[in-house]
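Worksheet: one structure, shown below.
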Amino acid sequence: MLSSRTLSKNLASVVRQGRSLARRNYGLPASAIGLGTDPRKDKNIQLTPLRGVNIIHDPLLSKGTAFSIAERERLSIRGLVPPRCQEMEKQLLRIKRNLDALETPLAKFVFLSALQDRNETLFYKLLINYLDELAGIIYTPTVGEACLMSHSIYRRSRGMYFSSQDRGAMSAMVHNWPHDEVDVIVVTDGSRVLGLGDLGANGMQIPIGKLSLYVAAGGIRPRSVLPVVLDVGTNNESLLHDPLYLGMGHPRLDGEEYYSFVDEWVTAVHSRWPNALIQFEDFKYPHAYNLLNKYQDKITCFNDDIQSTSAITLAGILASLKARGRSQETLNEERIICVGAGSAGVGVCEGIVDAMVAQGRVNSRDEAYSRIWMLDQHGLLGNPALNTNDPQSIVGGGERMSKLDERQKCYVKADMTDRLSLEEVVEQVKPTVILGLTGVPGVFSEKAIRTMAKYQEKPIVFPLSNPDTRAECTAEEAFKWTDGRAIFASGSPFPDVNLPNGRVGRTNQCNNSYSFPGLGLGITVSRASRVTPNMFLETAKTIADMASPQQLKEGTLFPGVHYLRDVALAVGTRVCEVAFEEGVATAVLKEGEMLSDVVEGSMFVPEYVPLVHAPNAH
Ligand SMILES: NC(=O)C1=CN([C@@H]2O[C@H](COP(=O)(O)OP(=O)(O)OC[C@H]3O[C@@H](n4cnc5c(N)ncnc54)[C@H](OP(=O)(O)O)[C@@H]3O)[C@@H](O)[C@H]2O)C=CC1
Ligand SMILES: CC(=O)C(=O)O
Ligand SMILES: [Mg+2]
């Protein structure tokens, strides 16, 4: 049993420890934690059954030009690579120069994918070294463009596809994957890719990008991640008619057919990798919620858009309270407008409600719901019976109400007219916070934001939709319309804004990339059997406390993207603690082992290790 003494709660020290990671070599794989030392997993060497060109062409083993002379001899690759051994620093120099010479983000994306397919160690070294510059290429916003173009830029397969033609075969297919150890699976059905809609099998770039961050920031090992697309067809007409499209050319399965398809897949992966964490990603509403409800108590899984988005958004609001000189305990006094009533909007608001309830300053869950005003594409979720001047609207509103599900109905305001426009709601509610989770650019109108700024000294403006072309407003607009007073966070990165008064309007990226890598790290290291609501709440609280008072004063809410690895270590440690506290951890810690050390020690660090040929290794 883990004693509370061994649980490090000092986040500052966790962050400091994170910085020391760069000095480390490979850590123990997470699966070996507490299970004794496995000689096959000596962190100083890597055994491989491969030799010759098979090593050179294996992205997990290849070192390109960096194989030592002794290794070339041992592995039968003498003469198969240029004669000079070049260490990683030189390789990085060459790669970075080539990358910098490329003009468009998409060209950089293709270049980086090719590097990942050749040499993952070098890819991750580059990614970690230049995380703030490259996250925007392998992740949002450029990954959005890559999804749109995926069938045109396709070079080589990565991950696994399970399609409608694979029904009945999935339990056999999972054994086609070459690795026995899989720690994290990110799966999408491509039905709502960022704010770009249904992109079918093109959505594969999303799990790949998420898992690249799992490795670079969360320290999960590259060989134990698995990106997956469930190709149940697409309703995207232009893809259906595109001869280059690589997915199934039929409309989406739905209803019982859809759910039994997903069930076959879940059963298959769970039977091969029972401990793997499954992250559901970019599933359309209400499938996203239905799948989460179906599986969250059965396997180790969570929905990124619903739950980890909620963690980072709550972190942003809590940090903004501090930035406004208020206690985080006053969350219940906020007035929050959420534009968007889908997976992310409802998920984020549920997280806020959970936090208000946990703080104990509301008398009921209903009181917490009353602090949040939600809009969908028709406007406010209000009371159709109050639309007295417009009988049409009463009927339409009634229809809409009947389509809302139980989760959405919690936010309906009985005392306000249904379908009020955003501008009207802002005028009536005088919100402190406005969240955008619609995937629709321009939804935060100038009038709405200016009205909000009339009543708030520091309006909290979070256009969270991705990619940047789908943001509800730009950073420049937010600062312009609030005379530079906004505290701004967006889903995709926006540059800081130079204000007319000479000050700088600081932008923040409020994206689940701040939460899921650490969640995955903590869940993996603790071998948590379930993902619990508290893990998300604690993730939010951990991140909310990471910015310094000076940063908060300037409007910075989170450490920059460059520090995603430090954030993941702090979150991972806390999530691991929660797993032990709540009794869902199945890993066994050795007596006296510090949890933060175990978490840090498990994190993958991209360095070349000597390769040794061993015919029976796997
Ligand atoms: N920053 C982050 O970390 C994350 C950001 N997101 C972003 O959130 C966005 C939404 O995702 P998700 O919730 O899954 O998508 P959904 O499709 O489930 O929900 C979209 C919601 O937006 C509403 N909407 C559409 N147009 C308008 C409009 N003009 N005015 C008001 N509401 C509108 C829809 O209303 P209706 O139901 O009436 O159609 C629906 O309720 C995406 O762009 C995604 O990139 C998602 C996850 C994480
Ligand atoms: C960030 C993310 O998960 C999304 O936009 O869907
Ligand atoms: Mg997503």
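Shape verdict for segment 307-510, please, from the Cα gyration tensor: rounded (a/c under 1.5), prolate (a/b greater than b/c) or oblate.
Prolate shape, in that a/c is at least 1.5 and a/b is the bigger ratio.
In Å², and per residue, what accessible area does segment 366-517 have when probed at 1.4 Å with the other protein chains present?
Using a 1.4 Å probe on heavy atoms only, each residue of segment 366-517 averages 42 Å².
Read phi for every residue in segment 604-618 and hand back ³J(HN,Hα) as whole Hz from Karplus 6.51 cos²θ - 1.76 cosθ + 1.60, θ = phi - 60°, with x for Gly and Pro.
Whole-Hz 3J(HN,Hα) from phi for segment 604-618: 5, 10, x, 9, 6, 10, x, 9, 10, 6, 9, x, 9, 5, 9.
Can you tell me which aspartates and glutamates have their Cα less than 15 Å from the Cα of residue 409? Leave out same-chain residues fewer than eight positions away.
Result set, ordered by chain and number: 350, 366, 367, 376, 399, 418.
Tell me, in nm to one decimal, what length is gained between residue 171 and residue 132 on full extension, where the rule is 0.36 nm per residue of separation less the Cα-Cα distance?
Here the answer is 10.1 nm.
Determine the alpha carbon to alpha carbon distance for each of 541/590; 90/210; 284/403; 322/413 and list only those over 24 Å.
Listed pairs above 24 Å: 541/590; 90/210; 322/413.
Under 5 Å between amide H atoms, partner at least 5 residues away or on a different chain: which partners does residue 507 have, H built in plane at 1.01 Å?
The answer is 496, 497.
Leaving out ligands, DNA and RNA, what percent of the accessible area of segment 158-299 is carbon and sulfur, probe 1.4 Å?
C and S fraction of accessible area: 52 percent.
Would you tally the net charge around residue 323, using a Cβ to Cβ cut-off of less than 14 Å, leaving residue 323 out, and scoring K and R as +1, D and E as -1?
+3
With θ set to phi - 60°, apply the Karplus curve 6.51 cos²θ - 1.76 cosθ + 1.60 along segment 180-195 and write out the HN-Hα couplings as whole Hz, x wherever there is a Gly or Pro.
Per-residue couplings from phi come out as 6, 9, 10, 9, 9, 10, 10, 10, 10, 10, x, 7, 8, 8, 6, x Hz.
Ignoring everything except DSSP H segments at least 4 long, calculate the 222 nm mean residue ellipticity for the chain; use -39,500 (n - 2.57) per segment, divide by total residues, nearest 500.
-12000 deg cm²/dmol
Roll a 1.4 angstrom probe over the protein heavy atoms and tell me the percent of accessible area of segment 307-510 that is carbon or sulfur.
On segment 307-510, the fraction of accessible area on carbon and sulfur atoms equals 48 percent.
Quick one: plug the Kirkwood hydrodynamic radius of segment 158-299 (C-alpha pairs) into Stokes-Einstein at 20 °C, 1.002 mPa s, and report D in µm²/s.
Rounded, D is 140 µm²/s.
What accessible area per residue comes out for segment 133-201, rounded to a whole number of Å², with a 1.4 Å probe?
38
As an exercise, use a Förster radius of 41 Å and the Cβ-Cβ distance of residue 69 and residue 594 to find the FRET efficiency, rounded to the nearest 0.05.
About 0.55, to the nearest 0.05.
Starting from a Cα-only point model with no solvent, please compute log10 I(q)/I(0) by Debye for the chain at q = 0.08, 0.09, 0.11, 0.12 1/Å.
Once normalised to I(0) and log-transformed, intensities are -0.57, -0.72, -1.08, -1.29.
The values are calculated or read from the model by the stated rules, or taken from the named source; none is laboratory data. Since this is a predicted model, take the numbers as computed values, not measurements. Virtual Cβ from ideal backbone geometry, glycine too; neighbours counted across all protein chains shown. Heavy atoms of the whole protein, side chains included, go into the accessibility calculation; ligands, DNA and RNA do not. Shrake-Rupley method; radii C 1.70, N 1.55, O 1.52, S 1.80 Å.
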